[in-house]
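Novice: One structure, pasted below without further comment.
Laboratory data are not the source of any read-out in this text; all were calculated from the coordinates shown. Please read all numbers here as calculations on a predicted model, not as lab measurements. As a convention, Cβ positions derive from the backbone with ideal geometry for all residues, glycine included, and neighbour counts pool all protein chains shown.
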Amino acid sequence: MDKIIKDLTSRFKVTDYIQQRPNMAYVTVQKELAISLITHMRDIEGFTHFVLLTAVDWIEDNLFQLTYILNSPDKKVDLGIRVMIDRENPTMDSAHHLWQQVATYQRELKEMFGIDFPGSPRVDESFILEGWDDIPPYRRDFDTLKYAEETYFPRDGRGSNDPAEYMKKKLYPDEEK
Amino acid sequence: MKRNKLIWQPDRSKYPEHDSNGKPIVDLKSQKFTKLWQGPNHPGVTGNMSLELTLSGDEVVEAKTHVGYLHRGFEKLMERRTYMQCFPTSIRMCVAEPDSNEYVLSAAVEELSGIEVPETAQWLRMLALEMARLQVLLRVVPGIASTLSLGLGSQWGMYMREHILDRFEELTGGRIYHMYILPGGVRGQLPDGFKKRMLENLDMIDGFIKRIEDLIFSNNVFKKRTVGVGILKPEWVDQFGVVGPPARGAGFKRDVRKDYPYLKYNEIDFDPFMATDSDIYTRAIVRKQDLIMTVDIIRQILDKIPNDKEIRAKTPNVLHLEIPKGEVYARSESSRGEYGMYIVSDGSKYPRRVNLRGPSYTHAVALLEKMLINANISDVHAIMVSLQTCPPEIER
């Protein structure tokens, strides 16, 4: 793993190297070099299994972190690749040409975080949410509680009880308070 | 075993016509095509998802997976919950096999906070994970045949599964959701007499496996419907991130328990079954062999489990657990394949981000859409069930 990281540092200027466990490490790479690095890992280093792609919202730094986890089935090692992108204009190069399954991850990220991957198949089609017109819901500034309170309302005849009091009343109706 | 494959290879050069990108030109007004929705409520669909099929005659020309019928935003909800409150949420991400969720979440929390799990707890965790795999396989192995109207095996399987759920109830207090694996260890010891009752159940399951071999795997109709049907090409395995039994059925011996041993799997003697024909029948055989292997693994666990009282590591108050800043990816082998969780901690009481990597995310979307092209409409549900799709893990 050290040899791979040394090579990546010189070729792709990776930073923030963290060895999580002997067979798993994380690095950060610039947005412009990310797809070249991923292609290099797949074709040269044998990281042929694409594990996942997800995003983390660092709202306080005005950044989105994209995490690509790649796995080498032969060497039995994993590499997590972090890419920090601007939160105001979240766009990233697509990797769907490397693995066909990546298009699904990118479609979900477009919907849930509003991160665009121009050229990715069906990236603008809704994936999980249909007819959503609010801000992308997995962003930190989307308040689920507020949304639930505004969207849903208690049905008539539905109330809430304190469980202990309710059971006491149900089981021992004659007992005085 | 050499089998004659029944591969239907019609001439695709003339019809339907394809555009320059290789996509079929579908004009619904021409009345040569039919649009058919299979699901979200359909006996041939696993869980709540639907397939939008474009048919030419009885052949699928185009398929699209639609999900969203179950979306509850678990990953987002977990960002507002403490780590302990995440457990009841996480297990609902896969109803059929919730123990994998408990394990990967616990393993991720332990790895980030440097908690060492006692040895007995590791064995008990392994027992819970293998029991979960067993109860799933008891339903899934005959389930493939029941999609082709051979439902008897499924009924036997459900009966056997009830016995395993009884053991789960005895061990954990719950039948479906267990909440047994927690950061630092497990919730309880083996009850008195558990081993004896479990071994009796395993003997019954041995008999069940013999019966389904006769009923399903030697059945001529089942073979004719599944041999050579739903081929998953080996070159698709990496392209679509195929893991677990579908990958093992296509000649890729991938099993997290062997490749990245966790808990005490390196002290257990097992060899995951691999085949190369990669059709529905082969995937059913791989799962049947997995079932046999799981029964054997549980026997070994019961034999080797130490009788130690210590089942929880000394941890700070778990209700106020604060995890050091960092990120971690923890994985395990579920009955469907690699099951992982990626957690990012910002050092507070709440996870910054939780992302689940379930096998169905790729199996049921990109891969299934590819595999259904040129399939006969009557084989769609068997292809789908042979991939063991689980919609909740797509739309966490």
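Novice: Tell me the relative contact order for the stretch B:228-317 as a rounded percent, counting alpha carbon contacts under 8 Å between residues six or more apart. Kindly include the intermediate steps, with their values, before the conclusion.
Specialist: On the way: 86 pairs, mean separation 26.8, N = 90.
For the stretch B:228-317, the relative contact order is 30 percent.
Novice: May I pose another question? Residues of B:236-242, mean number of Cβ from any other protein chain within 10 Å of their own Cβ, rounded to a whole number? Before the final figure, lay out the partial values.
Specialist: Values: counts 2, 3, 9, 7, 5, 12, 2.
Going residue by residue through B:236-242 and averaging, the value is 6.
Novice: Determine the shielding of peptide B:56-62 by partner chains: average, over its residues, the number of Cβ atoms on other chains within 10 angstrom of each Cβ.
Specialist: 0
Novice: If you don't mind, another one. Relative contact order (percent) for chain B, with alpha-carbon contacts under 8 angstrom and 6 or more residues of separation?
Specialist: 25 percent
Novice: Let me ask something else about it. Defining a contact as two alpha carbons under 8 Å apart and six or more residues distant in sequence, what relative contact order in percent does chain A show?
Specialist: 14 percent
Novice: Now for a different question. In degrees between 0 and 90, to the nearest 10, how far off the longest principal axis of chain B does helix B:194-212 point, with axes built from Cα atoms?
Specialist: With rounding to tens, the tilt is 10 degrees.
Novice: Let me ask another. Which of the peptides B:308-317, A:166-175 is most tightly packed, and how do the rest follow, judged by the mean count of other Cβ atoms within 10 Å per residue?
Specialist: Result, highest mean first: B:308-317, A:166-175.
Novice: Also, I was wondering about something else. Label points 7 Å out from Cα along the Cβ direction at A:L145 and A:W132: separation in nm?
Specialist: 2.1 nm
Novice: Hey, another quick one. Taking beta carbons within 10 Å but only from partner chains, what does the mean come to for residues A:99-110?
Specialist: Mean shielding count: 5.
Novice: So, one more: Angle, helix B:119-146 long axis vs. longest principal axis of chain B, Cα atoms, 0 to 90°, nearest 10?
Specialist: Taking the Cα atoms of chain B, the angle to B:119-146 is about 20 degrees.
Novice: Could I ask something else about it? Mind sorting A:L70, B:L321 by how few other Cβ atoms lie within 10 Å of their own Cβ, fewest first?
Specialist: In order of increasing Cβ crowding within 10 Å: B:L321, A:L70.
Novice: While we're here: Just for the protein assembly as shown, what percent of DSSP beta bridges are antiparallel, to the closest 5?
Specialist: The antiparallel fraction comes to roughly 90 percent.
Novice: Taking amide H positions as placed in the peptide plane 1.01 Å from N, state which residues far from A:H49 in sequence (5 or more) or on other chains have amide H under 5 Å from it.
Specialist: A:N71
Novice: Would you mind ranking A:R107, B:R80 by Cβ crowding within 10 Å, fewest neighbours first?
Specialist: Details: A:R107 22, B:R80 14.
Starting with the residue having the fewest Cβ neighbours, the order is B:R80, A:R107.
Novice: Just order B:95-101, B:297-303, A:28-34 by mean Cβ neighbour count inside 10 Å, highest at the front, would you?
Specialist: Details: B:95-101: 23.4, B:297-303: 18.0, A:28-34: 16.1.
Highest to lowest by the protection proxy: B:95-101, B:297-303, A:28-34.
Novice: Within a 10 angstrom radius of the beta carbon, how do B:T282, B:T46 rank from fewest other beta carbons to most?
Specialist: B:T46, B:T282
Novice: Also, I was wondering about something else. For chain B, place one equal point scatterer on every Cα, skip the solvent, and apply the Debye formula. What is log10 of I(q)/I(0) at q = 0.14 Å⁻¹?
Specialist: -1.24
Novice: Continuing with the same structure: If you fit an axis through the alpha-carbon atoms of helix B:280-304 and take the longest principal axis of the Cα set of chain B, what angle between them do you get, 0 to 90°, nearest 10?
Specialist: 10 degrees
Novice: If we sort B:147-155, B:358-366, A:11-19, B:254-262 on the protection proxy, mean other Cβ atoms within 10 Å, highest first, what's the order?
Specialist: Highest mean packing first, the order is B:358-366, B:254-262, B:147-155, A:11-19.
Novice: Exceeding 29 Å between C-alpha atoms, which entries from my cross-link table qualify? They are A:K31/B:K253; A:K168/B:K349; B:K35/B:K370.
Specialist: Among A:K31/B:K253; A:K168/B:K349; B:K35/B:K370, the Cα-Cα distance tops 29 Å for A:K31/B:K253; A:K168/B:K349.
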